[in-house]
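The block underneath contains the structure these notes are about, expressed in structure tokens.
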Amino acid sequence: MTSPFGPLVLIANPRAGRGKVGAHLPEIERTLRDAGLEYRVVRTTHPGHATEAARDALQRGERYLVAAGGDGTVHEVVNGMLDDGQPVAPDAVLGLVAAGSGCDFVRSFGLPADAVECARHLAGDQVRRIDLGRVTYTSGPAEVTRYFSNIAEAGLGAAVVARTSGLPAFLGPAKYFCGFWLTLPRFRPAVVRVEADGHAYQWRAHNVVVANGRFYGGGMHISPKSEPDDGALDVLVMAGPKAEAFTALPKVYRGTHLPHRNIVELRAQKVRVEADPPFPIEADGEHLGTTPATFEVIPLPVRVKL
């Protein structure tokens with residue numbers, strides 16, 4: 001007996017969530033066996049390994065890929081499922097086992113944050129086809145393209161992600177708040193130019209959020225109007241004082257911060273962001289490069305297992 005999508009490939013980052021993924025793997029495997037699901041496990045060992053494993057599995061004819069970890073693991077698997085803006089295998093299915101230190105993507109689908117409970121959702125045939133985002137950004141002298149499933153940022157949020165990546169793992173969920181306070185005093189707003197579906201805007205701003213999903217940063221409901229299958233990206237430009245990034249936090253967790261006099265809301269299929277001086281870029285909690293950057297929606301290339 002197996003899934004209607006064939007044997008699943010569990011791509012797991014054992015170190016994610018301060019080692020929680022590795023600790024949960026035996027119970028996750030037991031859950032899969034109890035459900036009668038055929039599977040194999042790929043334990044990732046280095047950055048980019050999940051992308052390599054996903055692409056290899058698809059080339060071998062396997063179609064059910066499960067990302068076990070945080071949003072970073074999902075990010076890597078998704079980047080293995082697309083090539084030049086097209087799905088490597090249009091009939092592939094992405095399963096999710098939320099087990100890392102940051103697993104906000106699953107919240108947009110109402111999936112549990114518990115790894116074993118999430119694994120129980122891997123049986124059955126219920127799926128939802130979703131959009132993905134593509135970001136082309138600056139890395140040194142080159143332009144680089146990556147895909148993202150959830151949320152990307154330019155500005156303060158990306159600087160916080162970069163600072164947080166160097167903090168010790170034992171801080172757990174507190175890493176983001178430590179990174180925020182270490183970053184905020186030195187971060188400077190910039191003149192930001194945004195072109196959304198051909199319409200040009202300019203503000204002095206400290207952050208630009210480009211959202212496909214709703215949640216990030218450990219449960220912040222940053223883009224409550226986002227739907228990951230509506231063919232558009234929701235753009236939030238934080239044009240007020242950077243201190244508002246802190247004072248608005250309680251409302252952000254509740255998703256009640258919009259509308260806001262200093263947050264510009266846009267919706268577009270293609271967004272170009274430039275900043276003077278350049279802003280750092282992140283996507284799905286992964287620090288990438290800098291502006292100028294272009295964000296585009298790719299309509300419905302992936303099916304997510306619910």
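A few remarks follow.
- In summary, Trp203 fulfils each of the numbered conditions (1) part of a strand (DSSP E or B); (2) free of Cβ contacts under 8 Å to residues at least 60 places away in the same chain; (3) out of contact with any Asp or Glu (no Cβ under 9 Å at 6 or more places or on another chain) with the single exception of condition (2).
- Count of region 260-299 residues which are of a type outside the set (Lys, Arg), outside any strand (DSSP E or B) and more than 22 Å from Gly217 (Cα to Cα): 3
- Looking only at residues of region 150-187 that are part of a loop (DSSP other than H, G, I, E, B) and in contact with a Lys or Arg (Cβ under 7 Å, 6 or more places away or on another chain), we find that the one that is farthest from Ser226 (Cα to Cα) is Leu167.
- Look at (1) surrounded by 14 or more Cβ atoms within 10 Å (Cβ to Cβ); (2) out of contact with any Phe, Trp or Tyr (no Cβ under 9 Å at 6 or more places or on another chain); (3) in contact (Cβ under 8 Å) with a residue 60 or more places away in the chain and you find that Glu153 fails only one, number (2).
- Selection from region 193-244 of residues that are touching a helix residue (DSSP H, G or I) at 6+ places or on another chain (Cβ under 9 Å) and over 29 Å from Cys178 (Cα atoms): Glu227, Pro228
- Residue selected from region 228-273 under the condition of a type in the set (Val, Ile, Thr) and modelled with pLDDT of 95 or more, by the criterion surrounded by the most Cβ atoms within 10 Å (Cβ to Cβ): Val273
- Complete set of residues in region 1-60 that are in a loop (DSSP other than H, G, I, E, B) and either closer than 25 Å to Ala169 by Cβ or among the aliphatic types (A, V, I, L, M) (or both): Met1, Asn13, Pro14, Arg15, Ala35, Leu37, Thr44, Thr45, His46, Pro47, Gly48
- Within region 87-115, restricting attention to residues that are of a type in the set (Val, Ile, Thr) and outside any helix (DSSP H, G or I), the residue that is modelled with the lowest pLDDT is Val97.
The values are calculated or read from the model by the stated rules, or taken from the named source; none is laboratory data. This one's a predicted model, so the numbers in the text were calculated from it and none came from an experiment. Heads up, the Cβs are rebuilt from the backbone with ideal geometry, glycines too, and the neighbour counts pull from every protein chain shown.
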